[in-house]
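Q: Can you read through this structure? Questions will come right after.
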Amino acid sequence: MKYIKLILLFFASIYFTANAQTVATPISEKGLQLSVRAGYDNPLFENNVPYVKYKSGPEFGASLDYYWRRFGLGFDFDYINNGTKNTYPTNNIYSGGPPLTPLTSFTVQEDKITRMFYGIGPDFRHLSQNRKFQAELNTRIGLSSIKGGKVELRETSTLNNQLLNFHAGYNLSNSLAAKAQLRFTYFISDNFGLQVGAYYIKHFDGTELVDPVTGISTGYSVLTANAAGLNSVADEDELTSRAEPCNCDLASVGVFAGLTYKFKLKEKVCKECVQCNVCGKTHSLPLCGCLVCGCKVSITARDKYTKEILPDTDIVLINSTGQTINSGKTNGFGVIVFDNVKPDNYIIKGILNNVNLEDGIVSANELMNCQANNGIISKEILYSDRNFIIKGRAFECNSTTPIAGINVTLENKDLAVKKSTMTDSQGNFLLQLPETGTYDLYGRLENYFSQIERVTGGDYNREKNLFVKLEMCAEKVDCGKGLGLKNILFDLDKYVIKEIAKKELNRLVRFMLDNPSVKVEVGSHTDCRSSHKYNEVLSQNRANASVDYVVSQGIERSRITGKGYGETVLLNECADGVNCTEAQHSINRRTEMKVICPPKN
């Protein structure tokens, strides 16, 4: 059994490895196949005969199967021949005595068991796409005959031809039996294949014969030990026997190899047929359900370095005259399939995010012979650009609401690089990110105040990553509503703009450049500590410093004003006389910007 399992695992691995390289398609072949085989059978008899061993032997068989797509019906015939062997010990035994006499002369009869099986039943199969490999599961129910198997051992010199070991064997006809069989076939041509497999067969009627002379089905003489420690044989009265025949299980397993011949059915002929202008062959119309002139071309877009699949890639198929024959986008698995492509020489072009992929080629010869691959030709085109692709999403800050139609920009002023794109209805966008350099990513849309995200190509490995996932947010701006500017911090009792504050003020500059008609107020707030007058003056100076910086970046002074609110607009209860922590006071120390509402007419 161990070797049978190893053989089956070996051939199963060959089949599934080959099949894994193809795309599963519905089976369209149907027809008749004839198989012949020779193998090795191992008996599994449970007939309670202690001194008889049943030996492995040859198996010969044939199968006739008819398949409709995956399922079929088959008929099997098997001839199996198993040897028998007497195992009753004949060395160093003596007569029961006295006196003890050594037994040295014996006659042995060992008849072989022959079995024949006839069965019919359903089939199930799976074919690889190229129809070269086939796996089958066959189940059969039928009748069998079991003949022979008689074993007889007699002592011929001392004990008057005493019977020492006996089994009457079998003589069964039309015994109910069942068989399960697994086969793997490799077709070396359209018709001929080489097969290997294994089977299990069980006979439901294993009734033994009753010998007409002895009147028993099986028996053996009991061995006893005398005082000298020698084995001796008792007389015939002490024969352990069974007169009632046992209907015991008879089964076997086996492996085999053989040949398969596949009868190819004539192609269905339809009444209406057409002449193919390109390949010059006559094919039946698709309405007839027969072959058509043309093939399917399956194209997969993939990254050259990471092997990632590329959904939403634009693909075009261009013929030898430069005409675009087919076009479309790859699906979520990076694949697009063009149907009914006529034989010609084609170029496959792909574009992802305005970047061309390496061209692919489909030759006329491939299309002329595509039926050998079930009418499908598979091709792959590669994205070889070294830039990363930012796969981003824009949404409103502090929410999950996407922003559609916002202009997303990637910029590095030092390298004079600036790239832009628009988000789709779900706020998604794609932008190329060079391998080197640090870039600012921000959005531009009227009445939106965008965050600025910083991204560096050197933080990623192009051999391992193509897509860089980023999210950016923008705040909806309503006139008169204040929006906090983060990190506008000043030293104690100072109003000089620090470097950390310039990044946030640059965000304000960007907003005003993108909205040239907008006027803005920058408001500075303090906590309640110190006098009201002091806080008012300090906050005004800080607001003026912020305005001066924004104006220095190219914004007209008429569009921006600064106002110091001191401690007049607190965000919590920390007013004069209230004991608060430093963290509570810090909430009130802030800088805000708000769009000035236009005057009402």
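Q: Starting at the first residue of the range 524-531, write each ³J(HN,Hα) from the Karplus equation 6.51 cos²θ - 1.76 cosθ + 1.60 with θ = phi - 60°, in whole Hz, x for Gly and Pro.
A: Working through the residues one at a time gives 10, 10, 10, 8, 7, 6, 6, 6 Hz.
Q: May I ask for the angle, rounded to the nearest 10°, between helix 2-19 and the longest principal axis of the chain, with both axes built from Cα atoms and the value confined to 0 to 90°?
A: 40
Q: Pairs Lys296/Lys349; Lys53/Lys202; Lys30/Lys329: which are spaced more than 24 Å apart, C-alpha to C-alpha? Show your work: numbers first, answer last.
A: Values: Lys296/Lys349 17 Å; Lys53/Lys202 18 Å; Lys30/Lys329 35 Å.
Distance filter (> 24 Å) returns Lys30/Lys329.
Q: Do the alpha carbons of any pairs in Lys419/Lys563; Lys304/Lys469; Lys476/Lys533; Lys413/Lys469; Lys307/Lys413 sit beyond 29 Å of each other, and which pairs? Numbers along the way, then the final one.
A: On the way: Lys419/Lys563 36 Å; Lys304/Lys469 19 Å; Lys476/Lys533 34 Å; Lys413/Lys469 23 Å; Lys307/Lys413 33 Å.
Exceeds cut-off: Lys419/Lys563; Lys476/Lys533; Lys307/Lys413.
Q: In the chain, with Lys and Arg counted as +1 and Asp and Glu as -1 at Cβ, which of these residues, Thr321, Ile188, Pro402, has the Cα nearest the positive end of the dipole, that is, farthest along it?
A: Thr321
Q: Report, in degrees rounded to the nearest 10, the 0 to 90 angle that the Cα long axis of helix 532-552 makes with the longest principal axis of the chain.
A: Value to nearest ten degrees: 70.
Q: Please report Thr185, Thr139 as a ranked list, fewest other C-beta atoms within 10 angstrom at the top and most at the bottom.
A: Numbers: Thr185 26, Thr139 16.
By the 10 Å Cβ count, ascending, the order reads Thr139, Thr185.
Q: Name the residues whose placed amide hydrogens come within less than 5 Å of the amide hydrogen of Tyr448, ignoring near sequence neighbours (fewer than 5 apart) on the same chain.
A: Val477
Q: From the backbone phi of the range 40-47, what are the Karplus-calculated ³J(HN,Hα) couplings (6.51 cos²θ - 1.76 cosθ + 1.60, θ = phi - 60°) in whole Hz, Gly and Pro given as x?
A: 10, 10, 10, x, 10, 8, 10, 9
Q: Mind giving me the nanometre distance, one decimal, between the label points for Asn81 and Val355, set 7 Å out from Cα along Cα→Cβ?
A: If labels sit at Asn81 and Val355, their model points lie 7.2 nm apart.
Q: Related question: Using a 10 Å cut-off around each Cβ, can you sort Lys262, Lys150 from fewest to most neighbouring Cβ atoms? Working shown, then result.
A: On the way: Lys262 22, Lys150 19.
With the fewest neighbours first, Lys262, Lys150 line up as Lys150, Lys262.
Q: How many nm is it between the label spots at His126 and Leu483, if each spot is 7 Å from the Cα in line with the beta carbon?
A: In this crude spin-label approximation the distance works out to 5.8 nm.
Q: Can you sort Asp312, Asp576, Asp303 so the residue with the fewest Cβ neighbours within 10 Å comes first? Please report the intermediate quantities before stating the final value.
A: Details: Asp312 14, Asp576 9, Asp303 21.
Taking fewest neighbouring Cβ atoms as first place, the list is Asp576, Asp312, Asp303.
Q: Continuing with the same structure: For a test of the definition: using alpha carbon positions, the gyration tensor, and the 1.5 limit on a/c, classify the range 483-595 as rounded, prolate or oblate.
A: Numbers: a/c = 2.08, a/b = 2.05, b/c = 1.02.
Prolate, since a/c reaches 1.5 and a/b exceeds b/c.
Q: Relative to the longest principal axis of the chain, what angle (0 to 90°, nearest 10) does the C-alpha long axis of helix 499-514 take?
A: Taking the Cα atoms of the chain, the angle to 499-514 is about 90 degrees.
Q: Near the amide H of Gly206, under 5 Å away, which other amide H atoms are found, from residues 5 or more places off or on another chain, if H is placed in the peptide plane?
A: Cys248
Quick note: the coordinates plus some simple rules give every number you see, no bench work behind them. As the structure is a prediction and not an experimental result, all values here were calculated from the model. Every residue, glycine as well, gets a Cβ built from its backbone with ideal geometry; the counts of neighbours run over all protein chains shown.
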